[in-house]
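Just so it is clear, none of the values below were taken in a lab; they were calculated from the coordinates. Bear in mind the structure is a predicted one, so any value in this text is a computation, not a measurement. Cβ sites come from the backbone with ideal geometry, for glycine too, and all protein chains shown count toward neighbours.
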Amino acid sequence: MALKILVGTSKGVVIVEKKEGAWNIADIRFLGMPVSMLFVDPVTGRWWVALDHKHWGSKLHFTEDQGNTWHEVAVPAYTGLENKAHKAVKLKKIWVMENAGPDRPGCLWLGTEPGGLFYSDDNGQTFRLNTGLWNHPSRANENQWFGAGRDHPFIHSIVTDPRDQDTLFVAVSCAGVFGSRDNGKSWVVRNNGLEATYLPKPNVEVGHDPHLMLACKANPDVMWQQNHCGIFRTVDQGCQWKKVSGANGYPHYGFALAIEEENPDEAWVIPAQSDEIRVAVDLRMSVCYTADAGNSWIRQEAGLPGSNAFGIVLRHAFAKEDALLVFGTNNGNLFLSEDKGKSWLRVSGDLAPVNYIKIVL
């Protein structure tokens, strides 16, 4: 199987391949449709695509033959639920999908807006709402669960522990990190050490805004998050987080994050100027790398634009597999590195805004 890069844009899924030493666009699927989620299931091999139609709402599709044929399944529903205004709760957007573990083929977790986590045990044919998280006591407080630049809170990151498939963690904007040790029946808050400087009390228990959360494959006790208020790392699955932003505040703010699969001390982030000014820092595209758990950071910029770089990288638009790093920007640029970030190649500068990147091995 040839290596493929799936690029989810606001105008379809772009499939990039390397042939005869050159990276090129090989195919496009769902042309013109806004892509909100991509997932490549390492257990079943299925590709999943969620679309975010402005008129028809969310749609969910899968393929079992590398994108030649697609099948649509029903999206999850908040059946029978009402909000505080006594209006029916409706699905707003699908953000993330994750398999439930290597020994549970066909079992999937799905993170959505307005902050609902869904589970499927029939390979996505049906989904049911996880009531343990939906009914968590903190959710009743509108000052603890709220939208971050959107009308509702949303679940954008799901981390499962391959050593114990009943253990999983989710990240919610805005609320923070929640963990479960019983396959989602009960949940505990995992926000110690985080900061929410946009609130009157920055060290609140719930009300944090993680932008993306990942766990190291070789050591899942170590998790990283690119947060609205900095870069944070934990070595005990979120019981205590430590801020590891760079010296003098760089790198600090951003959305995208990648971590080394085998070494829990290595990570990459792509900084943005600030919440108010969402462009590349000093209009200079930069990837920042740490080899020592965030104690120090270096810039990896060879091949990246050094001036007039207005684009930023959204939370799911950065991916890593082995030595290959790929990211896309919100102004349609696609860059990749085949040497862990030491040098970069622009594959395209003409795409629609990039929302998601997945690498297919």
*What list of ³J(HN,Hα) couplings, whole Hz, do you get for the stretch 185-200 from phi and the Karplus terms 6.51, -1.76, 1.60, once you set θ to phi - 60° and write x for glycine and proline?*
6, 9, 9, 10, 6, 10, 10, 4, x, 7, 10, 10, 5, 7, 10, x
*Report the extension gain between Ser343 and Lys11 in nm, rounded to one decimal, defined as 0.36 nm multiplied by the number of residues separating them, less their alpha carbon distance.*
116.7 nm
*Estimate the FRET efficiency between Asn141 and Val188 by the formula 1/(1 + (r/R0)^6), using the beta-carbon distance for r and 22 Å for R0, to the nearest 0.05.*
0.85
*For each of Asp182, Asp209, count neighbouring Cβ atoms within 10 Å of the residue's Cβ, then give the residues from fewest to most.*
Asp182, Asp209
*Between His55 and Val235, what FRET efficiency comes out of the Förster formula 1/(1 + (r/R0)^6) with R0 = 56 Å and r the beta carbon distance, rounded to 0.05?*
0.75
*How large is the helix-only mean residue ellipticity at 222 nm for the chain, computed as the sum of -39500 (n - 2.57) over DSSP H runs with n ≥ 4, divided by its residue count, in deg cm²/dmol to the nearest 500?*
0 deg cm²/dmol
*Considering amide H positions built from the backbone, and no H for Pro or chain starts, which residues 5 or more places from Leu212, or on another chain, come under 5 Å of its amide H?*
Gln226
_Modelled label reach - Ser274, point 7 Å along Cα→Cβ, the stretch 236-263 residues with backbone N closer than 13 Å_ = 253
*Relative contact order (percent, whole number), the chain, Cα cutoff 8 Å, 6+ residue spacing*: 11 percent
*Can you work out the FRET efficiency for the pair Ala323 and Ala85, with r the C-beta to C-beta distance and R0 = 51 Å, to the nearest 0.05?*
0.50
*Pulled fully out, how much extra length does the chain show between Glu301 and Asp65, if you take 0.36 nm times their separation in residues and subtract their Cα-Cα distance?*
81.3 nm
_Under Karplus coefficients 6.51, -1.76 and 1.60, residue-wise ³J(HN,Hα) of the stretch 52-66 in Hz, glycine/proline x_ = 10, 5, 5, 8, 9, x, 6, 9, 10, 10, 9, 9, 10, 9, 6
*What distance in nm separates the simple spin-label points at Thr126 and Arg181, each placed 7 Å from Cα in the Cβ direction?*
3.1 nm
_Amide hydrogen neighbours beyond the local backbone of Ile312, cut-off 5 Å, H modeled_ = Asn330, Asn331
*Mind putting a number on the dipole of the stretch 260-361 about its Cα centre? Charges go on the C-beta only, +1 for Lys and Arg and -1 for Asp and Glu, and I need it in Debye to the nearest 20.*
420 debye
*Build a GNM of the chain with springs between Cα atoms under 10 Å: which of Glu17, Glu276, Glu338 gets the top mean-square fluctuation?*
Glu276
*Tell me, what is the percent relative contact order of the stretch 34-218, built from C-alpha pairs under 8 Å that lie six or more residues apart?*
14 percent
*In whole Hz, what ³J(HN,Hα) sequence does the stretch 92-100 give by Karplus (6.51, -1.76, 1.60; θ = phi - 60°), x for Gly and Pro?*
9, 6, 9, 9, 7, 10, 8, 6, 8
*asked:* Taking the number of other C-beta atoms within 10 Å as the exposure measure, put Tyr119, Tyr253, Tyr198, Tyr289 in order starting with the fewest.
replied: Tyr198, Tyr119, Tyr289, Tyr253
